[in-house]
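Student: Dropping a structure here in structure tokens format, bear with me for questions.
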Amino acid sequence: MQQMGADMGNYVVAQTAETDEKGMVKTPGTINGGFYQKADSPMSHAPSVVISVPDIKSAIAAVEAGGGKILGAMDESGNASMEPMMIPGEGLWISFQDPENNRVSLMQPLPM
């Protein structure tokens, strides 16, 4: 486990599978992830599934076209925003609610 700093929301990276030099898992079907601090919002109490996408803007449009609702992210000042946020060293991220009311997130990873 690796504790990230306050600038990363005190996120804890948890790796359970071996990764290559690009940080990708070596064994198909395995995943790595992490933990974020529980907040007062009930939306933060459930596990968060993050889907990697090549183009976050197109993915946002597809979510909305499919009946999902964009929940947003935070801007550089920590304020709520409806635009994807840049996670340093990772990529663009935004959260949404699917038509069955599950909280899910999109991530457009930085180029490797």
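Student: Take residue 58 and residue 79, extend 7 Å from each Cα along the Cα→Cβ direction, and tell me the distance between the two endpoints in nm.
Tutor: 3.2 nm
Student: Cut-off 10 angstrom, C-alpha nodes, Gaussian network model of the chain. Which of 79, 101, 32 fluctuates the most?
Tutor: Evaluated over the chain, the most mobile residue of the options is 79.
Student: Calculate how many DSSP beta bridges within the chain are antiparallel, expressed in % of all such bridges and rounded to the nearest 5.
Tutor: Of all bridge pairs located within the chain, approximately 85 percent are antiparallel.
Student: Sticking with this one: Please compute the modelled spin-label separation between residue 41 and residue 19, points set 7 Å along Cα→Cβ, answer in nm with one decimal.
Tutor: Output for this residue pair reads 2.5 nm.
Student: How many nm separate the modelled label positions at residue 27 and residue 48, each set 7 Å beyond the Cα in the direction of the Cβ?
Tutor: Distance between the two pseudo-spin positions: 2.7 nm.
Student: Setting aside same-chain residues fewer than 8 positions from residue 57, which lysines have a Cα under 18 Å from its Cα?
Tutor: Of all the lysines, those that pass the test against residue 57 - Cα under 18 Å, at least 8 places apart if same chain - are 69.
Student: Given [x] 14.1, 43; [y] 15.6, 52; [z] 14.4, 38, which label gives Rg and Dmax of the Cα atoms in Å as computed from the coordinates?
Tutor: Only one option fits the structure, namely [z].
Student: Okay, next question. Given only helices, namely DSSP H runs of n ≥ 4 each adding -39500 (n - 2.57), what is the per-residue ellipticity at 222 nm of the chain, to the nearest 500 deg cm²/dmol?
Tutor: When only DSSP H runs of four or more count, the value is -2500 deg cm²/dmol.
Student: As an exercise, use a Förster radius of 35 Å and the Cβ-Cβ distance of residue 65 and residue 7 to find the FRET efficiency, rounded to the nearest 0.05.
Tutor: Values: r = 34 Å, r/R0 = 0.97.
Once the sixth-power term is evaluated, E becomes 0.55.
Student: Can you classify the range 53-112 as rounded, prolate or oblate using the Cα gyration tensor, where a ≥ b ≥ c are the square roots of its eigenvalues, rounded means a/c under 1.5, and otherwise it's prolate if a/b beats b/c and oblate if not?
Tutor: Oblate shape, in that a/c is at least 1.5 and b/c is the bigger or equal ratio.
Student: Would the range 16-70 count as rounded, prolate or oblate if I go by the C-alpha gyration tensor, calling it rounded below 1.5 in a/c and otherwise prolate when a/b exceeds b/c, oblate otherwise? Before the final figure, lay out the partial values.
Tutor: On the way: a/c = 2.84, a/b = 1.29, b/c = 2.21.
Since a/c reaches 1.5 but b/c is at least a/b, the shape of the range 16-70 is classed as oblate.
None of the figures in this text is laboratory data; all of them are computed from the coordinates on show. Computed from a predicted structure; not experimentally measured. Backbone-built Cβ (ideal geometry, glycine too); neighbour counts: all protein chains shown.
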